[in-house]
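*Asks:* Take a look at this one; I'll ask things after.
The numbers here are math on the coordinates, done by the rules we state, and not lab data. Model, not experiment: these values are computed from the prediction. Glycine also receives a Cβ, built like all others from the backbone with ideal geometry; neighbour counts cover every protein chain displayed.
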């Protein structure tokens, strides 16, 4: 932060705004509100609030594209987890096989019960490692059987922790129930599309219920249904 502040000294058009290290502070809507006080919902884009949100890697990629004429061909990827022999960071070419990445980290030190692409909070499970690294790939987490067994879901105890932790002030347990039953009407009624998929609800749930995953799946279903209706209207 100090180096950035020094670099911006003397330029009134630039300002460094340090923020608290608080998850999910890095989400677009959270950043916009924290920095500008402006609020947007799922139907709006950052541009509607007069903002463009880019992280450091995107900013560097823009520079390389504009100044050097170089497209995005590489991605920094973290390979980690209890099952990985040598957890490491790699500068991986886009298109590289995930299996090759894992082998570069020494392979598996023990059998992996679950392998997640991305982070544990917002990533998704992989059923096959023979998939390519893309420009959005950030990590590969290999979990052992012991780690996975600690997260077996049980019945909801209505403790309200998911509600207390939701940055969008939603009721995740209720939304997850609507998602389980495919109840799109009530899912939308209780603002399910405002979920930022941060995973906080699943993380704090003492019953280890996959709340975020269920809500995420329902959001995808809602968007797919909207697209079908729009295509039908065009016909």
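*Asks:* Could you work out the per residue convex hull volume over the alpha carbons of region 97-235, in cubic angstrom?
*Replies:* Here the figure is 139 Å³ per residue.
*Asks:* Let me ask you something else. Neighbour counts of other C-beta atoms within 10 Å: give me 2, 174 arranged from fewest to most.
*Replies:* Neighbour counts put them in this order, fewest first: 2, 174.
*Asks:* Would you mind getting the Kirkwood hydrodynamic radius of region 2-53 from its Cα pairs, rounded to one decimal in Å?
*Replies:* 12.4 Å
*Asks:* Could you give me the radius of gyration and the Dmax of region 1-120, taking only the C-alpha atoms into account and expressing both in angstrom?
*Replies:* In Å, with Rg to one decimal and Dmax whole: 18.9, 55.
*Asks:* Pick from 207, 92, 61: which residue has the top mean-square fluctuation in a GNM of the chain where Cα pairs under 10 Å get a spring?
*Replies:* Taking springs between Cα atoms under 10 Å, the residue moving most is 61.
*Asks:* Based solely on its DSSP helices, what 222 nm [θ] is calculated for the chain when runs of n ≥ 4 H residues each add -39,500 (n - 2.57) and the sum is averaged over all residues, nearest 500 deg cm²/dmol?
*Replies:* -10500 deg cm²/dmol
*Asks:* Taking Cα pairs under 8 Å and at least six residues apart, what relative contact order does the chain come out at, in percent?
*Replies:* Relative contact order for the chain comes out at 13 percent.
*Asks:* With the chain treated as a Gaussian network of Cα nodes joined by springs under 10 Å, which of 153, 18, 87 yields the largest mean-square fluctuation?
*Replies:* Top of the fluctuation ranking is 18.
*Asks:* Over 10 Å intervals from 0, what percent of Cα-Cα pairs in region 74-149 sits in each interval?
*Replies:* Distribution as computed: 22, 60, 17, 1 percent.
*Asks:* On to the next question. Is the C-alpha gyration tensor of region 161-234 telling us rounded, prolate or oblate? Criteria: a/c under 1.5 is rounded; beyond that, a/b larger than b/c is prolate, otherwise oblate.
*Replies:* It comes out prolate by the Cα gyration axes.
*Asks:* Now a separate question. R0 = 45 Å: FRET efficiency of residue 180 with residue 68, Cβ-based, nearest 0.05?
*Replies:* 0.35
*Asks:* Here's another thing I want to ask about it. Once Rh for the chain is found with the Kirkwood sum over Cα pairs, what is the Stokes-Einstein diffusion coefficient at 37 °C and 0.692 mPa s, in µm²/s?
*Replies:* The diffusion coefficient I find is 160 µm²/s.
*Asks:* How far apart, in nm, are the 7 Å Cα→Cβ label points at residue 48 and residue 159?
*Replies:* The modelled label-to-label distance comes out at 3.5 nm.
*Asks:* What's the extension gain from residue 226 to residue 13 if we count 0.36 nm per residue and subtract their Cα-Cα distance?
*Replies:* The residue 226-residue 13 span can extend by a further 72.6 nm.
*Asks:* To continue, here is another question. Counting other beta carbons within 10 Å of each residue's own, what order do 129, 19 fall into, fewest first?
*Replies:* 19, 129
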